[in-house]
Amino acid sequence: MSAGVGNGNGGAPHSHRPLGILAALPQELGDLIEAMRAESGVRTITHGQRDYHLGTVHGAPCVVTLARVGKVAAAATVSALIHAFDVDAVVFTGVAGGVGAEVRVGDIVVADALLQHDLDASPLFPRFEVPLLGVSRFAADVALADQLAAACERFVAEAGAASAARFGTREPRVHRGLIISGDQFVASAAGVEALRAALPDALAVEMEGAAIAQVCHEYGVPCAVVRTISDTADDHAPASFVSFLTEIAGVYSNAILTRFLDTRGAAL
Ligand code: SAH
């Protein structure tokens, strides 16, 4: 059911349903809304205390919005993207804490699956399983995740060395695998160790992705999540997160989304 805000294709003459793009924080969107303004103009609709920006970027019709932080915020926002804005797929972009042993600050993780690490209704249901849904690991859409990962690999090939020199990080690596989400900013060696022990294949921890993946699973909407590693979820995480968010996150987001949307827009 639609709230009557149209298909969000920014007035373009084709009938493609838009892609929903969301992040938690404004820095994580980079210059996406400015790029939309320059290309097609932006129509902004406020719904449930969030601004949804409708237009076209690199030829791809999009609805761009900010979820704010946490699983409930993310679930509410993605639900609106599906029901009020009729998106045909959802992409989340943002930063996360590295959990996997090989995952360092400046790396990029594209989710194959997402899990809520703070969900525990045991002994009634297995730890991490969403009660009555019977799922603990929500799969990302394979085609969408492949396209995102390809965009990340192109960014690294074309600009990874320059980015590493500019930001003092190592040359970024792109990882694929499990992203875990919970309503906690993980910022202690003990906290990240506990997550590693419980979920040895987890690559990154954040606060929104698995909630988005659950809602998309329930409504049959393809979704994908890309996260740049801002910290390693240990005692250095608060400082590392803040400097990465303010100085680097937007640059990465621009670099990845530009390449991703370019391919998507060209395919329409
Ligand atoms: N008050 C802060 C809130 C940021 S919370 C601010 O507005 O600046 C951290 C955000 O980054 C969340 O959206 C989460 O998804 C992600 N994130 C980055 N590092 C994280 C970590 N170590 N643990 C959990 N989430 C993390």
- Can you tell which of Ala23, Ala38 is at pLDDT 55 or above and surrounded by 21 or more Cβ atoms within 10 Å (Cβ to Cβ)? Ala23
- Over the stretch 52-72, the set of residues out of contact with any His (no Cβ under 8 Å at 6 or more places or on another chain) and either polar (S, T, N, Q) or closer than 28 Å to Val186 by Cα (or both) is Thr56, Leu66, Ala67, Arg68, Val69, Gly70, Lys71, Val72
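Can you go through Arg137, Arg127, Arg104 and tell me which one is surrounded by fewer than 18 Cβ atoms within 10 Å (Cβ to Cβ) and touching an Asp or Glu at 6+ places or on another chain (Cβ under 6 Å)?
Values: Arg137 fails: touching an Asp or Glu at 6+ places or on another chain (Cβ under 6 Å); Arg104 fails: touching an Asp or Glu at 6+ places or on another chain (Cβ under 6 Å).
Going through Arg137, Arg127, Arg104 in turn, just one is surrounded by fewer than 18 Cβ atoms within 10 Å (Cβ to Cβ) and touching an Asp or Glu at 6+ places or on another chain (Cβ under 6 Å): Arg127.
Filter the stretch 189-206 down to the residues that are open to solvent by 40 Å² or more (accessible area, probe 1.4 Å), of a type in the set (A, V, I, L, M, F, W, C) and within 20 Å of the chain's Cα centre (by Cα) and list them by number. It would help to see each step written out before you state the result.
Here is the first cut: in the stretch 189-206, the ones open to solvent by 40 Å² or more (accessible area, probe 1.4 Å) are 189-190, 193-194, 196-197, 200-201.
When the remaining residues are screened for being of a type in the set (A, V, I, L, M, F, W, C), the result is 189-190, 194, 197.
Residues satisfying the conditions do not exist here.
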- Note on the structure: When (1) within 21 Å of Ala24 (Cα to Cα); (2) part of a loop (DSSP other than H, G, I, E, B); (3) more than 16 Å from the ligand (Cβ to nearest atom) are applied to Asp120, the one that fails is (1)
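From Val91, Val78, Val87, grab the single residue that is outside any helix (DSSP H, G or I), within 16 Å of the ligand (Cβ to nearest atom), under 17 Å from the mean Cα position of the chain (by Cα) and touching a residue at least 24 places away in the same chain (Cβ under 8 Å).
On the way: Val78 fails: outside any helix (DSSP H, G or I); Val87 fails: within 16 Å of the ligand (Cβ to nearest atom).
Testing whether each residue is outside any helix (DSSP H, G or I), within 16 Å of the ligand (Cβ to nearest atom), under 17 Å from the mean Cα position of the chain (by Cα) and touching a residue at least 24 places away in the same chain (Cβ under 8 Å) leaves just Val91.
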- Checked pairs for the stretch 183-207, first within 15 Å of Val109 (Cβ to Cβ), second near the ligand (Cβ under 8 Å from one of its atoms) and open to solvent by 40 Å² or more (accessible area, probe 1.4 Å), C-beta under 6 Å and 6 or more apart or across chains, list as Met207/Val69
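The values are calculated or read from the model by the stated rules, or taken from the named source; none is laboratory data. In this text, all values refer to a predicted model and were calculated from it rather than measured experimentally. With ideal geometry, Cβ positions are generated from the backbone for all residues, glycine too; neighbour counts draw on all protein chains shown. We work out accessible area using only protein heavy atoms, side chains counted, and drop any ligands, DNA or RNA first. Shrake-Rupley method; radii C 1.70, N 1.55, O 1.52, S 1.80 Å.
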